[in-house]
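What follows is a single structure, written as structure tokens, with notes after it.
The values are calculated or read from the model by the stated rules, or taken from the named source; none is laboratory data. All values reported here derive from a predicted model rather than from experimental measurement. Methodologically, a virtual Cβ is constructed for each residue, glycine included, from the backbone with ideal geometry; neighbour enumeration extends over all protein chains shown. Side chains included, ligands, DNA and RNA excluded: accessible areas come from the protein's heavy atoms. Shrake-Rupley method; radii C 1.70, N 1.55, O 1.52, S 1.80 Å.
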Amino acid sequence: MPLRDWDEGTVAQVAREMSRGETWAAWLHPQLWGQPYLNKPPLLHSLIAVCFQTFGVQTWVARLPGAILTATSVPMLFLLGREVLPTRLYALMGAGVYLTWLPVVRHGRLAMLDGAVVCFFITLLWLLRRSQRQPWAYLGVGACFAAMCLTKGILGGLLLAIALLWVLWDAPKEWRSPYLWGGVGLGSLPVIGWYALQWQYYGDQFVDVTLLNQNLSRVWDTVEDHQGPPWYYLLELLKYSWPWLIFWPTGLWLTWRSRHTAWAKLILVWTVGYLLTISVMSTKLPWYIYPLYPAMAMTVGVALAATWNRHRHWSGRELTLKRIPLGWAILLALLSVGGAGGMVYASSWGPEPSLALAATGLGVMLTTGLAAYWAVRQQTRFIPILMAGLYASFLALMLSDHWLWELGEAFPVLPVANLINGQVPRDASIYMADFYNRPSLDFYCDRRVVAQPSAALLERWPQETPMYVLTQNLGPYQSGAAKTTTLGMAADWHLVVNQ
């Protein structure tokens, strides 16, 4: 699937310009269309640039580093669970839930920064726990902190604060460890060094754009009209976190009951601290909630493990549920009905036929239907059925053209990009009669397609020659004084030039 707007197209283009650089300055001071790129630090962009140099500039290559890091976060979450949770079963359940969490499956494979940051954070927590027995691991904690900050700036500081609050609650004597603060201090050096170099190179522009506009101001001010109520992220969970959201309240209840344990303290600090922080921020974007998903997966894993233990005799450390709640079965049955609706929608007699999407709907229908049946019968086999069935269903979704449904919000860029690349000379300017730019279109054209209102373009149309314009309404351009030639059409967009 093509790159989407906005972040994917921008990240990929910055990485391409880095890969073309002939000096180290292109990597240390990245640019976007010849202008300083001051939005985010360039760690992930650099990884993508290396992949571009190795495999060529392609869509899948742009997504490769983020996808690998997101995939790595699954076994890392298992290792973290082995360090803090009572038994291997809890860790296995949490990792299985995280592996089949729809937003993680979708968003983690994009050319964006969030999957990488979460991978570094999970690794940091794992090393932080191990360092209580092996102090050398604090060096890894510092390295992960540096990686988070050099990927997404101030978010790295927030995630480190959550980790340190967990240590303060669970093992306060570690706060006096010189190894802890030595590791954090060493990890801060590359971050401070990079920020100092940017400030020395760009001056006040770096402070205003990177530190204030793109980081701190998002806390108390709305950036680019991305706003929402305090419950914005709860609605995001309600939209995309099924079916695992069914088990989250039970997991939270069991976690609160065990709040004297290290694992419960971690989940509570992580969940409450992060969710509260992003909820009070003025700027709201859907992917800001991504770092919460591993904590939620661990919480759901606790509920599933407690369910699995209900007929077994363990040492006493494990949690158990007396009965499988009937509400679980009812909600799973409703999801099965929804899966059936999706299968019909994507079938040959539906409005949008798609074999892969129909297979996804069928998989969801069968998986949640069988899980509901066994949950009603108080059989724990519904848990492996859910995990295996969701994995197969999401595999079918990834093979379809519908997993990145945000692409349907605007015209497809690939046909338009092919039209531009075939008809417009490389050194010519190209305009689009629209109100906003499409970074993904710019990436596939390897040039700026400048969006301007049609009225502004029509004012210049008789004077500038040649002037290449993408428009959905040919009439005003054909009726002007300049001779208009239509070079082609793609996705309802006409490419015209005056001569």
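List of remarks:
- Nearest 10 degrees, 0 to 90: helix 59-84 Cα axis against the chain principal axis: 10
- In Å², nearest 10: area of Tyr201 left accessible to a 1.4 Å probe: 130
- For the chain, dividing the convex hull volume of the Cα atoms by the residue count gives 164 Å³ per residue.
- Extending 7 Å from the Cα toward the beta-carbon at both Tyr391 and Gln452 defines two label points whose distance is 5.5 nm.
- Working from Cα pairs under 8 Å separated by at least six residues, relative contact order for the stretch 94-244 is 24 percent.
- If the chain linking Gln379 and Trp349 were pulled fully straight, counting 0.36 nm for each residue of separation and taking away their Cα-Cα distance, it would gain 7.1 nm.
- The share of accessible area on the stretch 1-80 that comes from carbon and sulfur is 63 percent, using a 1.4 angstrom probe.
- Relative contact order (percent, whole number), the chain, Cα cutoff 8 Å, 6+ residue spacing: 13
- Calculated FRET value between Leu326 and Ala161, using beta carbons and R₀ = 51 Å, to 0.05: 0.80
- Links that overshoot a 23 Å alpha carbon limit, given the list Lys152/Lys284; Lys239/Lys322; Lys40/Lys239; Lys152/Lys239: Lys239/Lys322; Lys40/Lys239; Lys152/Lys239
- Shape call, the stretch 93-251: gyration tensor on alpha carbons, a/c limit 1.5: oblate
- Cα-based helix-to-principal-axis angle, 43-55 vs the chain, degrees rounded to 10: 70
- Near-label residues of the stretch 111-140 by backbone N, under 14 Å of a point 7 Å along Cα→Cβ of Lys173: 132-134
- Counting only protein heavy atoms and a 1.4 Å probe, the stretch 280-385 has 46 square angstrom of accessible area per residue.
- Residues of type aspartates and glutamates that Lys265 reaches as a straight line, Cα spacing below 17 Å, ignoring anything fewer than 8 places off in the same chain: Glu83, Asp170, Glu174, Glu318
- For the chain, calculated [θ]222 nm from helices alone, where every DSSP H run of n ≥ 4 adds -39500 (n - 2.57): -19000 deg cm²/dmol
- Sequence-distant contacts, meaning Cα pairs under 8 Å at least 6 residues apart, place the relative contact order of the stretch 11-146 at 21 percent.
- Most simply put, the chain has about 65% antiparallel DSSP beta bridges, counting only bridges with both residues inside it.
- Fully extending the segment from Ala356 to Arg460 would add 32.7 nm, taking 0.36 nm per residue of separation and subtracting the current Cα-Cα distance.
- Folded to 0 to 90 degrees: helix 382-399 orientation relative to the chain principal axis, Cα: 10
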